[in-house]
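Notes for the one structure printed next.
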Amino acid sequence: MQALDTFLPRFDVNETHSVSLACDAERALELALTAPAAPGRLVAALFRARGLPPGTSVQELFDRMGFDTLSSSTTEVVLGACGTPWRPSGRLGPFVDPRSGTVRVATDIRATPVDGGCILSTETRVLAVDDAARRAFHRYWVVVGPFSALIRRRWLRAAEDATTRDGFGGTGRRS
């Protein structure tokens, strides 16, 4: 059982991406959390359009956005928040405070050891508190979901590129 299941076992939406890396799981998680939050001009432009700071690390971005660290180990971190991300001023608040009209968001970044290295993955889950929030989030996700997937894949690629700079090599297998 992964730690994410403890915090959001049921969800309305989820998104998972992964990459195989030729380094140990602890190093992979470190690289993922310290990777640039906005690797490349396209992601930086998306961040600026949303009012997010492009010049931070992945960990700093989650902290600045108001995500709580729900669980942390040397190979996995789970972050969570609650709010109305579809609103331009949709501030995120504590994960443990799901109010009417909001969604709970939980994200993990996890490195699972395998022969020859590890699988670095990220999964994001969203659960609406009520039907109104579910409808609002669905409309938002139709537009934002593909960009969210792009950003997460770029984060994984940045970690993979860092393993190459470290003298390791990614295997190039992504999902």
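The values are calculated or read from the model by the stated rules, or taken from the named source; none is laboratory data. This one's a predicted model, so the numbers in the text were calculated from it and none came from an experiment. Reconstructed Cβ throughout: ideal geometry from the backbone, glycine too, with neighbour counts over all protein chains shown. Accessible surface is based on the protein model in full, side chains and every heavy atom, while ligands, DNA and RNA are left aside. Shrake-Rupley method; radii C 1.70, N 1.55, O 1.52, S 1.80 Å.
Total residues in the range 11-27 satisfying the condition of being surrounded by 15 or more Cβ atoms within 10 Å (Cβ to Cβ) and either among the charged types (D, E, K, R) or over 25 Å from V126 (Cβ atoms) (or both): the figure is 9. Scoring R104 on the criteria (1) open to solvent by 10 Å² or more (accessible area, probe 1.4 Å); (2) in a helix (DSSP H, G or I) leaves a single failure, condition (2). Identify the residue in the range 34-53 that is under 15 Å from the mean Cα position of the chain (by Cα) and in a loop (DSSP other than H, G, I, E, B) and, among all such residues, is farthest from R110 (Cα to Cα). Looking at residues that are under 15 Å from the mean Cα position of the chain (by Cα) and in a loop (DSSP other than H, G, I, E, B), I get L52.
Scanning the range 1-10 for residues that are touching a residue at least 24 places away in the same chain (Cβ under 8 Å) and open to solvent by 30 Å² or more (accessible area, probe 1.4 Å) yields Q2, T6, F7, R10.
Restricted to the range 71-96, and to residues there that are open to solvent by 60 Å² or more (accessible area, probe 1.4 Å) and not small (G, A, S), the residue that is farthest from S148 (Cα to Cα) is T74. Only one of the numbered conditions (1) in a strand (DSSP E or B); (2) out of contact with any helix residue (DSSP H, G or I) (no Cβ under 8 Å at 6 or more places or on another chain) is violated by L70, and that is (2).
What do you reckon, is V77 in a strand (DSSP E or B), under 27 Å from A133 (Cα atoms) and not polar (S, T, N, Q)? Criteria met by V77.
Would you confirm whether or not the range 41-64 contains a residue that is open to solvent by 60 Å² or more (accessible area, probe 1.4 Å), of a type outside the set (A, V, I, L, M, F, W, C) and within 16 Å of L120 (Cβ to Cβ)? Checked the range 41-64: no residue is open to solvent by 60 Å² or more (accessible area, probe 1.4 Å), of a type outside the set (A, V, I, L, M, F, W, C) and within 16 Å of L120 (Cβ to Cβ).
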